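The values are calculated or read from the model by the stated rules, or taken from the named source; none is laboratory data. If you're wondering where the values come from, they're calculated on a predicted model, not measured in any experiment. Because the Cβ atoms are built from the backbone with ideal geometry, glycine has one as well, and the counts that use them run over all protein chains shown. In case anyone asks, the SASA skips ligands and DNA or RNA and just uses the protein heavy atoms, side chains included. Shrake-Rupley method; radii C 1.70, N 1.55, O 1.52, S 1.80 Å.
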Amino acid sequence: MFGWRCARKARQDGPAHLLVCGNEKGGSGKSTLGLHIATDLLNKGLRVGIIDLDIRQQTMARFFAYRAQTAAIKSLSIAHPRVETLAPVRRDRVSDVAHEERCALFRLLLDMRNDCDIVIVDTPGASTNLSDIAHSQADTLITPMNDSFVDFDVLGRIDPVSGGLENTSQYTDTVRQARRERRRMHGAMLDWVVVRNRQSTFSSRNERKVDSGLRQLAMQLGFRLADGIGERVVYRELFPLGLTVMDAEALYELNVCQRNSPSHLAACREIGRLVRMLRLPVDEDGRQRLVARQALCGAETLQFPVPEFLA
């Protein structure tokens, strides 16, 4: 989409790790998390690719377009990802549209996974053909949700009397199908991480109930829980500049924030903690975990079964 530049490190062996930000509910923070994770990885010297599948909004694509503009106007030395979008397909038959979209996305994924260290895909807040394909190809899926039962409903239906899981949601079924397809086609497992955003500073009855419900659901559906980002103005106010809290030197140079701003420092800690909890194969710890998961995926030869929710 536009030129990209970053501090180049030796490329990892094999195709790039594919990180998908997915949730069929809008306003959960997919794009916000994705662009902050991307910026953190860029500043660590990794080649990052961005695919924005939200054809109408294109929030992540616009953010990095703003980033390029700011860098050019202010003469900033900041890293940029490779950003790609897909043009809308218009055909008379729905089946032709689906086929063309599928082919275009697979071609783009193949190209970017051979060109980058990590590829981050932002999906729309709805079920689409492209979103389903991205889920089935993901190595890591992060599903952000606000800390309420309104967002909890995206994962499963809660019995109002017992408080237990009554049945799964359509989105959960989509992830399950993606896991089965990935295991069948690639012999690999999808690492699903549910990220809790906008958690309250003070514990409340609602927060404790949501926490308890998510922990029960995690055991049944096979996802990991991670703390996301709080409700901070700093996450929103930097969007028009294409900068994040992780671009500390650029922000200081532009006199946007103070070096010892408590909100800025707390936001940096939140993003850094989240990236560590994702345990992506971008450092030694993440690579060792990837090797262990690949061994688990070959469980048939190791004579122990893989749980159905992981397969």
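Do we have any residue at all in segment 163-174 that's modelled with pLDDT of 95 or more and farther than 30 Å from Ser263 by Cβ?
Filtering segment 163-174 down to residues modelled with pLDDT of 95 or more leaves none.
No: zero hits.
Of all residues in segment 190-229, those satisfying the criterion of being surrounded by fewer than 16 Cβ atoms within 10 Å (Cβ to Cβ) and either in a loop (DSSP other than H, G, I, E, B) or in contact with a Ser or Thr (Cβ under 8 Å, 6 or more places away or on another chain) (or both) are Ser200, Thr201, Phe202, Ser203, Ser204, Asn206, Glu207. Can you pull out the residues in segment 37-49 that are touching a Leu at 6+ places or on another chain (Cβ under 8 Å) and either closer than 25 Å to Val154 by Cα or of a type in the set (Lys, Arg) (or both)? Hit for segment 37-49 is Ile37, nothing else.
Condition check ((1) without any contact (Cβ under 8 Å) to a residue 12 or more places away in the chain; (2) open to solvent by 30 Å² or more (accessible area, probe 1.4 Å)) across all residues:
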site	(1), (2)
Arg113	no, yes
Gly125	no, yes
Thr128	no, yes
Ala134	no, no
Asp139	no, no
Thr143	no, no
Val150	yes, yes
Asp159	yes, yes
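Taking segment 60-102 as the range and being open to solvent by 50 Å² or more (accessible area, probe 1.4 Å) and in a helix (DSSP H, G or I) as the test, the residues that pass are Arg62, Tyr66, Gln69, Ala72, Ile73, Lys74, Val94, Ser95, Asp96, His99, Glu100, Arg102. Just one of the numbered conditions (1) assigned to a helix (DSSP H, G or I); (2) out of contact with any His (no Cβ under 6 Å at 6 or more places or on another chain) is not true of Ile271: (2). Applying the condition of being assigned to a helix (DSSP H, G or I), open to solvent by 30 Å² or more (accessible area, probe 1.4 Å) and at pLDDT below 90 to segment 249-268 and asking which residue is farthest from Asp227 (Cα to Cα) yields Glu253. The condition (being under 21 Å from Ala104 (Cβ atoms) and more than 17 Å from the chain's Cα centre (by Cα)) is satisfied by just one residue among Leu86, Leu53, Leu76: Leu86. Each residue in segment 230-248 was checked for being touching a Lys or Arg at 6+ places or on another chain (Cβ under 9 Å), touching a residue at least 40 places away in the same chain (Cβ under 8 Å) and surrounded by fewer than 19 Cβ atoms within 10 Å (Cβ to Cβ), and 2 of them qualify.
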